Each structure stands twice: as C-alpha cells, then as structure tokens.
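Remarks on the structure that follows.
The values are calculated or read from the model by the stated rules, or taken from the named source; none is laboratory data. On a predicted model such as this, the values are computed, not experimentally measured, just so you know. Positions of Cβ are backbone-derived with ideal geometry, glycine not excepted, and every protein chain shown enters the neighbour counts. What goes into the accessible areas is simple: the full protein's heavy atoms, side chains included, and nothing from ligands, DNA or RNA. Shrake-Rupley method; radii C 1.70, N 1.55, O 1.52, S 1.80 Å.
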Number of protein chains: 4
Amino acid sequence: MAAMTEKRDNILDSALTLFAERGFDATTIPMIAKDANVGAGTIYRYFENKEVLVNTLFQYYVQVFTELLKKDFPEHHSIREQFHHLFQRMIRFTDEQEHALYFIKTHNAAYFLDDASREAFTDLWTILRDFLDEGKAENEIRDLPTLALIAIIFGGFLELHQLIRAGELERTEALMQGVENTCWDAVRHHP
Amino acid sequence: MAAMTEKRDNILDSALTLFAERGFDATTIPMIAKDANVGAGTIYRYFENKEVLVNTLFQYYVQVFTELLKKDFPEHHSIREQFHHLFQRMIRFTDEQEHALYFIKTHNAAYFLDDASREAFTDLWTILRDFLDEGKAENEIRDLPTLALIAIIFGGFLELHQLIRAGELERTEALMQGVENTCWDAVRHHP
Amino acid sequence: MAAMTEKRDNILDSALTLFAERGFDATTIPMIAKDANVGAGTIYRYFENKEVLVNTLFQYYVQVFTELLKKDFPEHHSIREQFHHLFQRMIRFTDEQEHALYFIKTHNAAYFLDDASREAFTDLWTILRDFLDEGKAENEIRDLPTLALIAIIFGGFLELHQLIRAGELERTEALMQGVENTCWDAVRHHP
Amino acid sequence: MAAMTEKRDNILDSALTLFAERGFDATTIPMIAKDANVGAGTIYRYFENKEVLVNTLFQYYVQVFTELLKKDFPEHHSIREQFHHLFQRMIRFTDEQEHALYFIKTHNAAYFLDDASREAFTDLWTILRDFLDEGKAENEIRDLPTLALIAIIFGGFLELHQLIRAGELERTEALMQGVENTCWDAVRHHP
DNA sequence: GATGAATGAGTTTTCATTCAT
DNA sequence: TATGAATGAAAACTCATTCAT
C-alpha cells in the first residue's frame, strides 16, 4: 500500500544523510542511488534534477521543524516556559531526524536554494524572532538584536548536536537539561 | 613579502574567500585562478592539487588563530579576564580575516582534511578546553562537558559572525560587548 | 478495423506524425506512447523495438504510395496524361496522409533503414523511372538522367508540400494545377 | 599561425559532415570529437553546448551561401542571365562545400534553431524571392506563388545534389547544364 | 616560471527497453 | 493483454590536471 512512495522516500532519506555528511556538491547521484537501493535513473522519475531534490528536501524538513515548534506552543505561559517548549522541540526534532537539522543548517545559505526554500527558512526564523521580541518587550530577554540572539542559540545548539552525532559527546537527559539552561542563561535578561 | 610569493598569497586569499562563500566542492580551480589573477596552471606550481591547497589553507588559518589566542594570554588573571582575552582575540581574528573563521568552521569535519589539519584543529580546541577545565576547577564555569561549552560559544559566535558578513547585522562595539556578555553568561557558573 | 489492431494503428499514426515533425532520433518512445494514448510498454507488444517500428512505418507508406501510383495507371494514354495521373495521385497521397510523404522523404537515406525498406523505396522509384524512360524513348521527356528528373520533380513537389503543411502557402486547386504544369514543363522535351 | 583556430575549424568541419550525413540528433559529441581529432571536452571550449554548435554552423554556411549569391549579381542583365548567375553560384557552393547545402536544407526547420539562425535563413530566401518577384513583374517568370517557385527550384536541385553526393549520379558539366535548363523551364513564363 | 588550451575521467541527465502487476 | 515504474547504458557536459609554448 505504502509501496508506491517507498522509493521516493528511500531516495529522500539517502539524500538527507549524504547531504548532511558530505554536503550537496560532494554527493553524487549514483551515491544516493546506491544508498537508496534504486537505479540512478529512478531518482529522475521523482525529481527533475539534483537541485530540485535538494530543495524538496530542504523545504520538507524546514516545514516539519517549523510545525513542530508551532504546535502546542504555550502562548499564554511565561517566557521561560515558552523557551522550554521551543528547546524541547528542537531536541525532539534532532532525536527523530538525526540529520535533518544539521542538513538545514549547513545548507541554508547555499547558492542552489530556490525562492521557496529561502521563504520556508525565513518562516522558521520568524517563530524564533517573534518569541524573542515578545520576551524583550516583557523585559525577560536580554536587550541584544534579536537576530544575534537567535544566532547564538541556534548556532550553539547545532554545534553541540554535531558533536553528539559525531559520537564525541553522549546525549543524556542531564546534558540536554544543562544545555537548555546554558542557552537560557545566554539569552535571558540578567537583572 | 617578496614578489616571489605574491602569487601564492593571492591564490590563498582567493581560495579562502571562495571556499568560505561556496564551499570546497563548489569552488573550481579556474574560479580561484580568475579571482587571483593567475593562470590555472600556476596554482599547481604552488600546490600539488586542490586538496593540498585546502589543507594548507586550513592549517594556516587554524595556526594563526591558535597563536593569536595563545599570545599574551593572561595566565594569572581571573577566569573572566581570560575569557575576555579569548573573546576579543576571536573578534580581532574575524575582523582581520573576514572569511577565515567561517571557512574553518564549515570545513573542520570535511572528508578531505588530512591528519595535519585535524591535528591543528585539535590544538585549537585544546586551548579552549584547558581554559574551560581550569574555570570549572575554580568553580567559575558551569558544570557541563567542556566540549559542549566550546560548541555553544564557538557555534553561537560564528553564526553571529555570518549574519554580520551577510550584512544582516551591523558590527558595532556595543553589539560585540553584548555578545561577549551573552556568551559569558552562557558558560559561567550561576550561583 | 477491429479493436484488436486499434492500438497498433494509433501507435503507427502517432509515430508517423512525430517522425515527420521531429525526425526519428528526436522522437522518444514515451512521446509516441503519450500521443497514441497507450503505455510505453504496449509499443513493444507490437514492435520489437524502435527501429522495427520505423521500418514498418516506412515500408507501409512506401507501399501504399507505390500502389496508389500503380493503380489505374493509364498504360496506353499519352505521356502527358500518364504524368497527370502520377501527379494527381501524389497530391492525393499527401492530402490523405499529411505526413507520410514528408516522412518518406526525410528518412529514405537514414542509417537505420533495413533491406526491406530500401527495397520498397527502390520499387517506388522504379515506377517513376520506367515512366520517364518510356517518355524519353518517345522523345516526350527531356534527355537528362532519369534519376535527375525524378529528383527534381519529387524534391520540388515535397518542398512545396512542406510549405503548405507549415501554413506558409494555401493549398488551392489553382496552385496544384500550376505546380503540375511547372513540373511538367521541367521534365518535358522542349522542341 | 592559423593554428589557433585550427581545432575550432576541425570541429566545425566534422560536425558539418556528420550532421549532414546522420542528422543532428543522431550525431554524438564523441563522434564529432573523434572525427575532429580532439578531446570531447575541447568542443565545449569553443561552443557552449551542442545546440550552439549547430546554430553556429547553420548561420555560418547560410551566410556564406547568401553572400555568394549576392556577390557580382548581374543587376541590370536579363532575368535569364540572373537566373544563370544564381544557379551557377548554387552549383559552386555545393562543389566547394560538399555537405553545407544539404545540411542547411535538412536542418532549416529543426526544433533547435535559434532566432539568429531563422533570420539568416529568411535572408537567404529573400534573395530568391526578390529575383522571382522581379521576374514575374517583367512577365519572364511563371505566375505562381513565389514561395512555390523557390521550393521547386531549391527542393529539386537539392534532391539532385544528394544523388550526386550519394554517388548515384555523376556530376558532369553536361548534367549541370541540363539541370539548369530544366529548372529554368520550370519557372519561366511559357507564352 | 607562468600560462591557458587541451584533455579524459567523472558527473549529471536521458531514454530505449524490461518486467512485475 | 496492457501498463508504466524501474533500470542502466549511453548521452551531454564539467572540471581537475597536464603540458607545450
């Protein structure tokens, strides 16, 4: 029943892993085909070309991540609780899709991204921006340009995630708890 | 310095910029040659091949950065002062070599890095690790795996630096001061 | 006629049109399948491969044309009347099968034609050759190599037919009459 | 001295021959490269892609032919003498460039021709059109649409030329003389 | 030493053909 | 019998590297 899109999914999965591990340009179509257990030509039945493939992948995961952050957002709770929500979802996303966030991060400024991809990425940042702006208005968040704050949290977390992926750090609950606190201490307003 | 190495320097400069902007795999030798105003063949007089070029570049800038951090390190001052030293040097390095730190960051896990490059990168982390370990021992730094702390500072700062390079954020003294405080609040021990 | 060969006919019709419009090499099997409203695989139920298809098509239309020319040939009438017969049938053939003659013409020297196709084409020329040889014997047709005369009539007429198909010239009875006269004046013996 | 464009010329020569013999779509880049004694990649140093190559070739020979027809045109001589001039130049062109006219003819309606190619081809027809229109005005040329007359002469002559190329007919002065008369009798006004 | 034209190995992409359904 | 998804061989095209000048 689900067999109809199985190959397409395999291709996307393989592409995600390889793009995350080696980057778009160092990943060849035959590499993806081999990893996905399909013929090279099959990839072109599902994606017009390599750039369409990478943009499809990018948009998909950015949207999944965006929706995950948005869903059940504790609108009327404290800024700290909202931060906790966002952070936990970010952790969950990296748990569920080991390579997705790293792929997003390493490719979000790439020359081959199309307008839809850029727009999707902007939507993602908007969530974080709105949250931080609200927090600054309530004097709960440090008075630094919002973009800078996002960069610090996002950049820091992802660098850490990469270490876990590389096996240099073990992902424990305590570590995750500590990292959340670290990031919170980074961005919160210190009286 | 002398005219003899002028071409070599031009090649390295152009390669640095292009590798930082497009990545190693998307940068072609003719692109570098054109940007450096030399013939494509000339690059091969100075570097055996493209991988040797990128490794030379990587090692060079990692070492320059490492030495910059080490030089005049305030060994016997407070942890906060040592942090200030490191942070200011990091800022200075990005000011002087706009693309170097981003290049290091985006290529430090690449498949084409040789042992010397990996070792140089390890040396760089060692400086930060030793500093943080000392700080933890003195109870001035948060009790989180050192690697995690480095990731957060390094990752956060670089993400911010990218925004400045992209023109989305203006590099002011106030911003830099704020970012240093943010990072310090991230890693310091909160009583 | 029966439903059993309907698909085969659709395939042949579509192939004829596409081969005439784009040529054999620029026409893909999926193009033909789509135009014929059949699956690509279906084509292979009726024709072993693409070359068999084009040869089948070529032989079929060459034979239809040959028979059309032969049928009711006014054996014992004047050369001029025989010429009229042949010319009118040529016109009728292009009227009935818009693309057939042009397809024959543009593919009659192609690298993929098999012996049967070449033979069929030779048969076609034989009719014209015999007619012209007879006319030359009777001193009604110009004394020029027969092949040359055929080339001039055939080539000229087809080039004209192309202009009509392309819509650059309107097919009127007067035009057709004029073209017949033109061709007759070309080949007849001028005292 | 002329070595600088030698390869480019070899490529164009080989492409002309192969396109004329097999057609654009059945001719591969490696075929051209082999025939021209260059590497396949070399072709791309001179021509952006295969379509640019074929358009360059087409425009070049159409222009050469156009200029040959125009040069020394006997403006104030009789229509018959003008016809003689045009016909002799057409013969000369096929003598000097065995494949060029046949290539032009078999590719002048191809899907891959660009605007410049189409325009160049229109210019060529304009010469013939102007000549015939003038002749019709002087009542020396048959009263048939000009396009039709061009088609007949051009089409007839080329079909003949093809037979000579294929070796089925020998190119003698007498034959050429006869063909010119044939074509003249086709288009001239018969009182 | 410096160059950039030339190359061919390796890439992306197409399409005739097969075969499970 | 009919299909069209899947394939891989072969095409177009790119680019690191070489080498004659």
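The phi-based Karplus calculation (6.51 cos²θ - 1.76 cosθ + 1.60; θ = phi - 60°) puts the 3J(HN,Hα) values of segment B:116-129 at 4, 5, 4, 5, 4, 5, 4, 4, 4, 5, 4, 4, 5, 4 Hz, whole numbers, x for Gly and Pro.
Placing one equal scatterer on every Cα of the protein assembly as shown and applying the Debye formula, the log10 ratio I(q)/I(0) at q = 0.05, 0.07, 0.08 Å⁻¹ is -0.47, -0.72, -0.82. Contact order, relative form, for chain C: 20 percent (alpha carbon pairs under 8 Å, 6 or more residues apart, mean separation divided by residue count). Enumerate the amide H contacts of D:ILE141 below 5 Å, restricted to partners 5 or more residues apart or on another chain; note that Pro and chain-start residues carry no placed amide H. Answer set, sorted by chain and number: D:LYS136, D:HIS189.
Rounded to 0.05, the FRET efficiency of the A:ASP143 and A:THR122 pair, given R0 = 30 Å and the Cβ-Cβ distance, is 0.80.
What separates the Cα centres of segment C:2-78 and segment C:82-100 is a distance of 18 Å. Apply the Debye scattering formula to segment C:87-132, with a single equal point scatterer on each alpha-carbon and no solvent, then give log10 I(q)/I(0) at q = 0.16, 0.26 Å⁻¹. Cα-only, vacuum Debye calculation for segment C:87-132: -0.51, -1.06. P(r) tail for segment C:130-191: Cα pairs beyond 14 Å make up 59% of the total.
In nanometres and ascending order, the distances from the C:GLU21 label point to those of the other copies are 3.1, 4.5, 4.7 (point 7 Å from Cα along Cα→Cβ). Distance from the axis that maps chain A onto chain C is least for the Cβ of the chain A residue given, with the whole Å value, as A:GLY41, 4. For chain B, the Kirkwood estimate of the hydrodynamic radius, built from every pair of different alpha carbons, is 17.9 Å.
Over the Cα atoms of segment A:1-47, the radius of gyration divided by the Kirkwood radius equals 0.97; this is the Rg/Rh ratio. Kindly list the residues of segment D:21-38 that lie in the label zone of D:GLU6, defined by a backbone N under 13 Å from the point 7 Å along the Cα-to-C-beta vector. The answer is D:37-38, whose backbone nitrogens lie closer than 13 Å to the label point. Interface residues of segment B:130-153, defined as those losing at least 10 Å² of solvent-accessible heavy-atom surface relative to the isolated chain (probe radius 1.4 Å), are listed as B:ARG142, B:LEU144, B:PRO145, B:LEU147, B:ALA148, B:ALA151, B:ILE152.
Chain C against chain D buries an accessible area of about 2600 Å², both chains summed, 1.4 Å probe radius. Note on the protein assembly as shown: with charges restricted to the Cβ of Lys and Arg (+1) and Asp and Glu (-1), its dipole about the Cα centre is near 560 debye. When the charge dipole of chain D is built from unit charges on Cβ atoms (+1 for Lys and Arg, -1 for Asp and Glu) and taken about the Cα centre, the candidate among D:PHE121, D:HIS76, D:GLY167 whose Cα reaches farthest toward its positive end is D:GLY167. Rolling a 1.4 Å probe over the protein heavy atoms of segment A:1-47, with every protein chain left in place, gives an accessible area that is 52 percent carbon and sulfur.
Carbon and sulfur together cover what percent of the accessible area of segment A:136-191 at a 1.4 Å probe radius? Of all accessible area on segment A:136-191, carbon and sulfur atoms account for 47 percent. Compared with the direct C-alpha span, the chain from C:HIS84 to C:ASP13 gains 22.7 nm at full extension, assuming 0.36 nm per residue. Sorted from shortest to longest, the distances between the D:ARG45 label points of this copy and the other copies are 2.0, 4.1, 5.4 nm, with each point 7 Å from Cα along the line through the beta carbon.
For chain D, the solvent-accessible area with a 1.4 angstrom probe is 48 square angstrom per residue.
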